[in-house]
1. At 222 nm, what value in deg cm²/dmol follows for the chain if DSSP H runs of at least 4 each add -39500 (n - 2.57) and the sum is divided by all its residues, to the nearest 500?
2. Counting DSSP beta bridges in region 21-250, what percent are antiparallel, to the nearest 5?
3. For a Förster distance of 25 Å, can you work out the FRET efficiency between the beta-carbons of residue 493 and residue 514, rounded to the nearest 0.05?
4. Do me a favour and compute the ellipsoid semi-axes for region 21-250 from its Cα gyration tensor, root of five times each eigenvalue, largest one first, whole Å.
5. What value in Å³ per residue do you get for the convex hull of the alpha-carbon atoms in region 436-532?
6. In nm, what is the difference between 0.36 nm times the number of residues separating residue 405 and residue 417 and their Cα-Cα distance?
7. Does anything in region 300-320 have its amide N under 16 Å from the 7 Å Cα→Cβ label point of residue 503, and if so which residues?
8. Mind jotting down a quarter of the surface of the convex hull over the alpha carbons of the chain, in square nanometres, one decimal?
């Protein structure tokens, strides 16, 4: 016997419809690439998103078509979030920090047919456009006055909207329809696309808003500093609409002082970013002898939160730290370090130890740890194993690679090594992959090694992540010169110019006579990490 309940599909457009109907006067504040501050409401967002959906139709964008964005966090980007997905097309956010060659490859792999970009990225598009042969429409996310002279077929975002009347009804799609596409970075080989559905996105939004994760409500003012091009800003643009929270977008200026002032002016209660960005705010506040006066929760992910930062935020500023973990393949919310009632009477050191872990699951997400043979390990806080994920918003296959099954017995192998304690709190102890995480962004050690080995004076090389006082981790290159070669570290680093993004280039080079290898000839990086882990923070380095 089936239940006798209404059936309504879980759609991205329904989040916007709810926000406009029940929180229509709530504010959305954006620092724009044009340099000014823009304000409007959820009601305005709904009207302009419908106009944008009409504009997409006029450009020939059909259901399933991929529409790319190269943009900062702002209201126009938010309109694209809803207009593209709501109309049945697929939103594809591009990471502007990638090298142009990587962007070209990703756009081609996704088969993007339209690309919307902020004014900041006009030089990037001017360089890339001739190479993006599948893209039929380039749209500058500004008005006609900002179009460059002789821009030809380049379209102005505001012109597209002005030509529409907004008389548009969101289609009732199957909730399993694809909604957005994000590419991983830092994996071996080319990046892989993760294709989210309307259903997974809405369920993920519920998870983000829950009290045992970020805990958003209509009483909050949320500042998503984490980029909208980075796993959909951790789902905050969707969750904010779901609960009616005020949204504050920082635009391109992520300087610590600028963020602090925006936070204070807009009375932000929840802010989310990687540790390096938080460090910028804390350093500014310390220099100016200031405190956070409205901030209640600091969401920190993308890299481990340093213990000193956790203490500073909570003891100096009275801000609760929500430490989290996730990945592109998990939409990304995986865990959050929100204390249970059993921890409330614990000593501060014990509470900090728990909060310093990557956290625990909410309903809809599950984890386990296994040993090399696949045997599940106990949750004792000591046994370390491979982290496996399963859930309502966890990927089942990579985009365009349906012939490959990335799952193991229905679980996704995350590539992390961790322990889980008796209360379900996970703590990552290592990574099984050799990618490097710098400031919350992945760097592929394989790509760095391949470029180094491509130099005629280098025999072999290994790239490892070593500790860094600001960026948590930075790449260090260990290289073996060819016999008789005298290439310097500076010359080798110059070899990376225009081959990768500048922030991927290693911070240092160590020349060695040999690099340790295993029985099969594979490079062993563990001894190198042990030897050089403090190389970049040792005095005189």
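The numbers here are math on the coordinates, done by the rules we state, and not lab data. Worth saying up front: this structure is predicted, and the values here are computed from it rather than measured. Every residue, glycine as well, gets a Cβ built from its backbone with ideal geometry; the counts of neighbours run over all protein chains shown.
1. Helix-only estimate at 222 nm: -7500 deg cm²/dmol.
2. On the way: 10 of 32 bridges.
The answer is about 30 percent antiparallel.
3. Numbers: r = 21 Å, r/R0 = 0.85.
According to the calculation, E is roughly 0.70.
4. 26, 21, 18
5. Enclosed volume per residue, from the Cα hull, is 99 Å³.
6. 2.2 nm
7. Backbone N within reach: 301-304.
8. Averaging across all directions leaves 28.6 nm² for the Cα convex hull.
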